[in-house]
1. Among (1) 79, 33, 26; (2) 60, 38, 29; (3) 44, 39, 29, which is the computed Cα extents along the principal axes in Å?
2. Please find, in a Gaussian network model of the chain (springs between Cα atoms separated by less than 10 Å), the residue of Pro162, Pro134, Pro62 whose mean-square fluctuation is greatest.
3. Tell me, what is the 1.4 Å probe accessible area of Trp46, in Å² to the nearest 10?
4. Can you give me the % of accessible surface on the chain that is carbon or sulfur? Probe 1.4 Å, all protein chains present, nothing else counted.
5. For every other residue with a beta carbon closer than 14 angstrom to the beta carbon of Gly73, add +1 if it is Lys or Arg and -1 if Asp or Glu, then tell me the sum.
6. Using Cα springs under 10 Å in a Gaussian network model of the chain, which residue among Thr79, Thr141, Thr120 shows the largest mean-square fluctuation?
7. Would you list, by chain and number, the lysines whose Cα falls below 30 Å from the Cα of Lys101, excluding same-chain residues fewer than 8 positions away?
8. In square angstrom, what is the accessible area per residue of the chain with a 1.4 angstrom probe?
Amino acid sequence: MNQTNFWNDAAKCGAVIGGIWAASSLLSDATGLGVFGLIGFAMYLWLLIRYARRRAAALSTPDEEYGYGKRLGFIVAMTLFVGIINAAYTILASRILFTAKYAAAYDQMFAVLAKSGFYTNEMIAQVSRMVQSPLMITLSTILGQLLLGLLFGLVLAAIAQPRQRFDDRSTNDTQE
C-alpha cells in the first residue's frame, strides 16, 4: 500500500482546485463574462472527481477498497482548502482589485434590505461591517465550501469509485 498523508494530499489537491476556481473568478470579475465562472465550476467538479478517484485507485488493495466514506471525506477535506484559497481571493478582490464592483454589489444588497422595512438603518450598518470583515469573509467562504463539498461529495464520491484494478485476482479465483 502506498504511504500517503491524507491532509497533505487534500491540501495539494485543494490548492490546485482553489487556484483554478480563483483564476476563473478573476477572469469573470475582470471581463464581466459569467462563462468563466461556469468553466471554473465545471473544472471544480471534474477535479474533485479526478483527485478522489486517483486517491482511491492508489490506496485500494485486492483485499480492501478505498470506500465511499473515505472518498467523501477526502472530497470534503479538499473543499476545505478550496475555501481557504477562495477566501483569500475574495478578500483580495473586494479590498484591492475590484473594490468598486464589490461596493456596488454590497450597496445593492443593503438597499434591498432597507426597502424591505424589516431592518433599521443601525441593523443594516452592523450587517455591512460584518459582511465586509475579512474574518467573516474567511469563515463564510470556508463554511460555504465545506457545505458545497459535502453536498456535491455525496454524489461525486460514488462517481469517483476507481475502476476495477484487480481483474487478475477475480479471474484467478474462478480458475481455481
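The values are calculated or read from the model by the stated rules, or taken from the named source; none is laboratory data. In this text, all values refer to a predicted model and were calculated from it rather than measured experimentally. Counting neighbours? That spans all protein chains shown, and the Cβs are built from the backbone with ideal geometry, glycine included. Just so you know, the surface numbers come from the protein's heavy atoms only, side chains and all, with ligands and any DNA or RNA stripped out. Shrake-Rupley method; radii C 1.70, N 1.55, O 1.52, S 1.80 Å.
1. Answer by label: (1).
2. Between Pro162, Pro134, Pro62, it is Pro62 that shows the largest mean-square fluctuation.
3. 140 Å²
4. 65 percent
5. Net local charge, Gly73 excluded: +2.
6. Taking springs between Cα atoms under 10 Å, the residue moving most is Thr120.
7. Partners within reach: Lys115.
8. Per-residue accessible area for the chain comes out at 60 Å².
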